[in-house]
1. What are the residues in segment 65-80 that are at pLDDT 95 or above and surrounded by 19 or more Cβ atoms within 10 Å (Cβ to Cβ), if any?
2. Within segment 46-64, take every residue that is within 19 Å of S78 (Cβ to Cβ) and in contact with an Asp or Glu (Cβ under 6 Å, 6 or more places away or on another chain) and give me the one that is surrounded by the most Cβ atoms within 10 Å (Cβ to Cβ).
3. Identify, from the list E86, E115, the residue that is crowded, with 18+ Cβ neighbours inside 10 Å and either of a type in the set (D, E) or not in a helix (DSSP H, G or I) (or both).
4. Can you go through V26, V43 and tell me which one is closer than 15 Å to D143 by Cα, crowded, with 20+ Cβ neighbours inside 10 Å and touching a Phe, Trp or Tyr at 6+ places or on another chain (Cβ under 8 Å)?
5. Assuming K189 fulfils every condition listed in (1) assigned to a strand (DSSP E or B); (2) of a type outside the set (A, V, I, L, M, F, W, C); (3) farther than 19 Å from L77 by Cα; (4) under 15 Å from the mean Cα position of the chain (by Cα) apart from one, which condition is it?
6. Could you list all residues from segment 120-149 that are more than 16 Å from L101 (Cβ to Cβ), aromatic (F, W, Y) and surrounded by 19 or more Cβ atoms within 10 Å (Cβ to Cβ)?
Amino acid sequence: MFTGIIKDVGRVGGVTRRQGGLRLRVNYSAGEEFRLLSIDESVSINGVCQTVVALGAGWFEVDTVEETLQKTTLAELSTGSLVNLERAVRPLDRLGGHFVLGHVDCAAVVQEIRELGLSREFWISFPDTFLSFIVSAGSITIDGISLTVAKLEGLRFAVAIIPYTFAHTTMNELKAGSRVNLEFDILGKYVARQLSMNSRSALPETKIDELWLREQGF
């Protein structure tokens, strides 16, 4: 479980192909946040929950399986790529963003970036499969960053990026055409699922009129 509040921007130190998957080495800064990182711990890399399998001074490695590579943008990383990092939340941590599982729903495309004074507005398109999971003013995770949907127009939405977020995440690396990882709000997904199940289990509506009564022998 994560919060979507990015703690560090790391840099990919190596990419090794391993039997259908990838071994990624990620270098991080020498701050306190990752100093006590341990093997088997969960780490969010651009919003993707991964397990630390090896580590050393200033770096850690994860094994990324084929299914993850197909659903996310991790396959597009190369040595030198910048990535957003967050360690798993602790029970006593402040929940500054929202509940983020690190289970990416899909990769999406940045359509355009508008500069609005000091802030920036990013417009991102997404597959219609996920339309019921997103609402205006709701939470969404982009490359591991907890953000708020500012506008929703059909199959695209906008988020407003303040200068601090732009400077301290990989949002400043994005441009029109860039692909990003999306995780829709888990609460919204459960609500949509429940409503879908309720509608399927509902009894079919029976229209009682004169014709129906005659057919039933009345």
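1. Scanning segment 65-80 gives T72, T73, L74, L77.
2. Keep residues of segment 46-64 that are within 19 Å of S78 (Cβ to Cβ), which gives 46-48, 50, 59-64.
When the remaining residues are screened for being in contact with an Asp or Glu (Cβ under 6 Å, 6 or more places away or on another chain), the result is 46-47.
Details: N46: 28, G47: 30.
Among those that are within 19 Å of S78 (Cβ to Cβ) and in contact with an Asp or Glu (Cβ under 6 Å, 6 or more places away or on another chain), it is G47.
3. Details: E115 fails: crowded, with 18+ Cβ neighbours inside 10 Å.
When all the criteria are applied, what remains is E86.
4. Working: V26 fails: closer than 15 Å to D143 by Cα.
Going through V26, V43 in turn, the sole match is V43.
5. (1)
6. If the condition is that a residue be more than 16 Å from L101 (Cβ to Cβ), aromatic (F, W, Y) and surrounded by 19 or more Cβ atoms within 10 Å (Cβ to Cβ), then F122, F126 are the ones that fit.
The values are calculated or read from the model by the stated rules, or taken from the named source; none is laboratory data. These numbers were taken from a predicted model, which means no experiment stands behind them. Here Cβ is always computed from backbone atoms with ideal geometry, including for glycine, and neighbour counts include all displayed protein chains.
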